[in-house]
Amino acid sequence: MSADFELDTDDLERRMDGAMASLRTEFASLRTGRASASMLEPVMVDAYGQMTPINQVGTVNVPEPRMVTINVWDRGLVGKVEKAIRESGLGINPQLNGTIIMLPIPELNEERRRELTKVAAQYAEHARVSIRNIRRDGMDQIKKAKADGMSEDDQKLWETEVQDMTNRFIKKVDEALDAKQQEIMQV
């Protein structure tokens, strides 16, 4: 590989890792019939004039497998937290008990499970697109270096390295999707 061109593969890998981390966060927000505090991560509350994650306005607990509770610290925000959950698309009906909001997690029916596997597939596709865009950035850097006089052999070596990294991450996305879909379909 030519000494004058050094592709920052660490940067590409870090960005692909970021796409995977984002996918894991999106997968965690998908409800599988089991209660988990992470399912509330994407829900934002309009608190004190700005959008704030629920875990910054109250304590989120999972006291039992089918129940999530949020102990809202500021009584004035209880209604806003409840509204944010209702409008979040999680399909959960919050129940109020003073400053505590209880979220009973209903059993998933077959149709809802199928819908969730489709949503998971969409999340995975977004991650694949992100990874391919990062690959394209790397390939563009290599093409530029080729135009600046890099040898064809070096170009092929770098392109192979970027493609191998891309394939590795796409495979990780596919494996994560398979695992999530199995988890969703598990009764």
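The values are calculated or read from the model by the stated rules, or taken from the named source; none is laboratory data. Just so you know, these numbers come straight off a predicted model, no measurement behind them. Cβ: placed from backbone, ideal geometry, glycine included. Neighbour counts: every protein chain shown. We work out accessible area using only protein heavy atoms, side chains counted, and drop any ligands, DNA or RNA first. Shrake-Rupley method; radii C 1.70, N 1.55, O 1.52, S 1.80 Å.
Quick one: is ARG24 surrounded by fewer than 19 Cβ atoms within 10 Å (Cβ to Cβ) and in contact (Cβ under 8 Å) with a residue 24 or more places away in the chain? Against the criterion (surrounded by fewer than 19 Cβ atoms within 10 Å (Cβ to Cβ) and in contact (Cβ under 8 Å) with a residue 24 or more places away in the chain), ARG24 qualifies.
Residue pairs whose Cβ atoms lie under 9 Å apart, sitting 6 or more positions apart in sequence or on different chains, and linking a residue in the range 133-150 that is open to solvent by less than 50 Å² (accessible area, probe 1.4 Å) to a partner that is hydroxyl-bearing (Ser, Thr, Tyr) and modelled with pLDDT of 95 or more, are ILE134/THR166; GLY138/THR166. Where strands (runs of 3 or more DSSP E) fall wholly inside the range 43-100, the ranges with 2 or more residues that are touching a residue at least 24 places away in the same chain (Cβ under 8 Å), open to solvent by less than 50 Å² (accessible area, probe 1.4 Å) and outside the structural domain of GLU115 (by the TED database) are 44-47, 67-72. Among the numbered conditions (1) out of contact with any helix residue (DSSP H, G or I) (no Cβ under 6 Å at 6 or more places or on another chain); (2) assigned to a helix (DSSP H, G or I); (3) closer than 24 Å to THR25 by Cβ, the only one that ILE131 does not meet is (1). Of all residues in the range 79-93, those being modelled with pLDDT under 90 and among the β-branched types (Val, Ile, Thr) number 2. The single condition among (1) part of a helix (DSSP H, G or I); (2) more than 16 Å from GLY18 (Cα to Cα) that GLY149 does not meet is (1). The single condition among (1) under 18 Å from LYS180 (Cα atoms); (2) open to solvent by 60 Å² or more (accessible area, probe 1.4 Å); (3) touching a helix residue (DSSP H, G or I) at 6+ places or on another chain (Cβ under 8 Å) that GLN122 does not satisfy is (3). Going by what's in this entry, would ARG15 be described as in the same structural domain as ILE142 (by the TED database), out of contact with any Lys or Arg (no Cβ under 7 Å at 6 or more places or on another chain), open to solvent by 70 Å² or more (accessible area, probe 1.4 Å) and of a type outside the set (Gly, Ala, Ser)? In short, yes. Considering only residues in the range 94-123 that are hydrophobic (A, V, I, L, M, F, W, C) and over 30 Å from ILE170 (Cα atoms), the one that is modelled with the lowest pLDDT turns out to be ILE105. Scanning the range 155-187 for residues that are farther than 19 Å from THR117 by Cβ and open to solvent by less than 20 Å² (accessible area, probe 1.4 Å), we see that the one that is nearest to the chain's Cα centre (by Cα) is PHE169.
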